[in-house]
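Reading through the structure tokens given below for one structure.
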Amino acid sequence: QHQKYIRNFSIVAHIDHGKSTIADRILELTDTVSKRDMQDQVLDDMDLERERGITIKLNAVELKYHAKDGETYEFHLIDTPGHVDFSYEVSRSLAACEGAVLVVDAAQGVQAQTLANVYLAIDDDLAIIPDINKVDLPSAEPEKVQEEIEEVIGLDASNAIMTSAKTGLGIEDLLEAIVNEIPAPQGDLTAPLRALIFDSVYDDYRGVVLSVRVFEGTVKPGDKIRLMNSGTEYEVNEVGVNSPKPIKRDYLMAGEVGYITASIKDITETRVGDTVTNAAAPAEEPLPGYREMNPMVYAGLYPTDNAKYVDLREALEKLKLNDASLEFEPETSQALGHGFRVGFLGMLHMDVIQERLEREFNLDLITTAPSVTYHAELTDGSEKDVDNPAEMPDSSELSKIEEPYVKATIMVPNDYVGAVMELCQSRRGEFLTMDYLDKYRVNILYNMPLSEIIFDFFDKLKSSTRGFGSLDYDVSGYQTSDLVKIDILLNGEKVDALSFIAHRTFAERRGREIATRLKNIIPRQNFEIAIQAAIGGKIIARTTVKPYRKDVTAKLYGGDRTRRMKLLEKQKAGKKRMKAVGKVDIPQEAFMAVLKTD
Ligand code: GDP
Ligand code: MG
């Protein structure tokens, strides 16, 4: 066994362009998974991944390929998610590879995340194999896409592989290209061990399972290992590879991707990005790790049934074992009772966590509108970090509020420059620069409040650029803003979980919009409900939900009993995601209403 015959690669693409299906075909063609065990998107092993048809976690598998040159190669394939929220998973997998297959849909062409992901691979100096997929589609235009890859990304696409992951066409060409164009790993087998942890999961039987890329040296069962940044030491129980089921090995050597178990019980000690070395003969320097991922948004999660608080805490603790980026701490709301303030990498991440909690742990939850973290300076000279709008002090006590700003990089074909600028301007963006990347594409830089881009900016950008807008952003620091807190009152009672923060210039308008929106969301009850929006005690808007006059169902559906029962059942199901605040039932939707813009 020799490094010369190893190839480590990732598949990157815009979402839905066919990464996981290509991985399926590769596993099939190399007999890694038998026909009998084959199912679609076999690497997406989480229920939620299978149902939504998206990849959330990265996945590494080893497979053997008998190439046309007569040799047998050991491939390590890492499938990655395509969505921005999970680009952190993508950059982690790329750091473990020498090459990447860039999949582009032959009908859709280069899209937002094609660019974002290929640039990650280019930044990492990976060899890139362009693969134009779905050539079986009647709407496929492979030559046009080839040209686009050259013009827009600047990659030579003359040798792009043409595949149909649906029919299997071209998959063998792809495997040959991986052998010929992706360099074999290098790395001294006799040097002290240095292995990068790119993922970790908790397994009830084996403890923490570390996914590693060995860069130097070797590791085998019985070795005493040290995690260089955390400083903790363990004895290795087992090393091996996933194929895709775990297969034990005698050792892992420089160049290989595999797993290590060492009876590690606490996943917090095993941060991804840390370097594993040998405790007896340690390396001098750790490998360059990953950039620290801080949550971008915080939201309150509350069980609809207060008795489920402890269950929610246990569920969050278990999920954290599988998702180190998850952060949470207890929080109490007057309106919602006991719950948790949870930090997320973005809105899809929040969605996924909420859904996993409800589904895997059988909980009914109310999620409050997510918020960024504000810095408040008080008139008494003290400072406060506020990640829950309800906790923002009254403006009489405030001397200053700062909010996080980002430098947003937006890439679009030049036809859409006007639309992008209009959108950024409406979100308080300050124009910085604009450069032509080539004759078709423009790179626009804006300084923008994080709160303005994190919620629906990406969707808006996509719809106003027909999907071609690509967005990337980096937090650039805090800036003072003229922000105010808007409170919502129901029948005169402030509902803390509905408070939100807005810029003073938009505050009154937003207050009115939201009072109107809530009026349409909160269901009628047998008494009148007054909805008010207020800024610092001053009422700026009022709407009313009128009480029922009679039994609505009786009136509407008179004699038709089955339809009436159906309606009642539907109402009952809808109730599950409601929270009684005082006497008023507030549906989940209401808590998100404060985020929506038209
Ligand atoms: P991913 O998000 O990049 O992992 O994409 P998936 O592999 O989940 O594929 C997205 C959708 O495209 C699925 O419905 C696939 O069945 C379909 N698909 C993938 N490859 C092909 C192909 O070559 N031809 C056709 N017609 N459909 C494909
Ligand atoms: Mg996928």
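Summary of values
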{"item": "Meets criteria (of a type in the set (Val, Ile, Thr), more than 10 Å from ligand 1 (Cβ to nearest atom) and touching a residue at least 40 places away in the same chain (Cβ under 8 Å)) for ILE122", "result": "no"}
{"item": "Criterion: under 27 Å from the mean Cα position of the chain (by Cα) and within 27 Å of ASP69 (Cα to Cα) - qualifying residue of ILE178, ILE129", "result": "ILE129"}
{"item": "Selected residue (only one of LYS144, LYS166 is within 16 Å of ligand 2 (Cβ to nearest atom), touching a residue at least 24 places away in the same chain (Cβ under 8 Å), surrounded by fewer than 21 Cβ atoms within 10 Å (Cβ to Cβ) and not hydroxyl-bearing (Ser, Thr, Tyr))", "result": "LYS166"}
{"item": "Qualifying residue in segment 129-152 (condition: in contact with a Leu (Cβ under 6 Å, 6 or more places away or on another chain) and at pLDDT below 95)", "result": "yes"}
{"item": "Among the candidates SER451, SER476, SER399, residue that is at pLDDT below 90 and hydroxyl-bearing (Ser, Thr, Tyr)", "result": "SER476"}
{"item": "Any hit, segment 490-498, residues being more than 22 Å from SER396 (Cα to Cα) and of a type in the set (Lys, Arg)", "result": "no"}
{"item": "Strands (runs of 3 or more DSSP E) wholly inside segment 361-417 that include at least 1 residues being touching a Lys or Arg at 6+ places or on another chain (Cβ under 7 Å)", "result": "365-367, 374-378, 398-413"}
{"item": "Count of segment 130-152 residues which are under 12 Å from LEU102 (Cβ atoms) and within 9 Å of ligand 1 (Cβ to nearest atom)", "result": "1"}
{"item": "Odd one out for SER333, checked against (1) in contact (Cβ under 8 Å) with a residue 60 or more places away in the chain; (2) of a type in the set (Gly, Ala, Ser); (3) under 22 Å from GLN113 (Cα atoms)", "result": "(3)"}
{"item": "Among (1) away from ligand 1 (no atom under 16 Å from the Cβ); (2) over 16 Å from HIS14 (Cβ atoms) - the single one LEU155 does not satisfy", "result": "(2)"}
{"item": "Residue within segment 429-440 that is of a type in the set (Val, Ile, Thr), surrounded by fewer than 15 Cβ atoms within 10 Å (Cβ to Cβ) and not in a loop (DSSP other than H, G, I, E, B) present", "result": "yes"}
{"item": "Cβ pairs under 9 Å, 6+ apart, first in segment 522-536 and over 17 Å from LEU498 (Cβ atoms), second of a type in the set (S, T, N, Q) and part of a loop (DSSP other than H, G, I, E, B)", "result": "PHE527/ASN491; GLU528/ASN491"}
{"item": "Identity of the residue in segment 402-427, under 25 Å from the mean Cα position of the chain (by Cα) and not hydrophobic (A, V, I, L, M, F, W, C), that ends up modelled with the lowest pLDDT", "result": "THR409"}
{"item": "Output for segment 462-476, where each listed residue is over 18 Å from the mean Cα position of the chain (by Cα) and in a helix (DSSP H, G or I)", "result": "SER463, SER464"}
{"item": "Residue ranges of strands (runs of 3 or more DSSP E) in segment 208-324 with at least 1 members surrounded by 17 or more Cβ atoms within 10 Å (Cβ to Cβ) and under 26 Å from the mean Cα position of the chain (by Cα)", "result": "238-242, 257-261, 275-278, 297-303"}
{"item": "Qualifying residues in segment 1-53 (those that are among the acidic types (Asp, Glu), in a loop (DSSP other than H, G, I, E, B) and at pLDDT 80 or above) - the one nearest to ligand 2 (Cβ to nearest atom)", "result": "ASP16"}
{"item": "Test result for ALA100, surrounded by 23 or more Cβ atoms within 10 Å (Cβ to Cβ), out of contact with any Pro (no Cβ under 8 Å at 6 or more places or on another chain) and at pLDDT 90 or above", "result": "yes"}
{"item": "Residue match in segment 207-218 (condition: closer than 26 Å to PRO286 by Cα and in contact with a Pro (Cβ under 6 Å, 6 or more places away or on another chain))", "result": "yes"}
{"item": "Unique residue being at pLDDT below 75 and surrounded by fewer than 14 Cβ atoms within 10 Å (Cβ to Cβ) when the list is ARG524, ARG577, ARG549", "result": "ARG549"}
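The values are calculated or read from the model by the stated rules, or taken from the named source; none is laboratory data. Note that the structure is predicted; figures quoted are calculated from it, not measured. Glycine also receives a Cβ, built like all others from the backbone with ideal geometry; neighbour counts cover every protein chain displayed.
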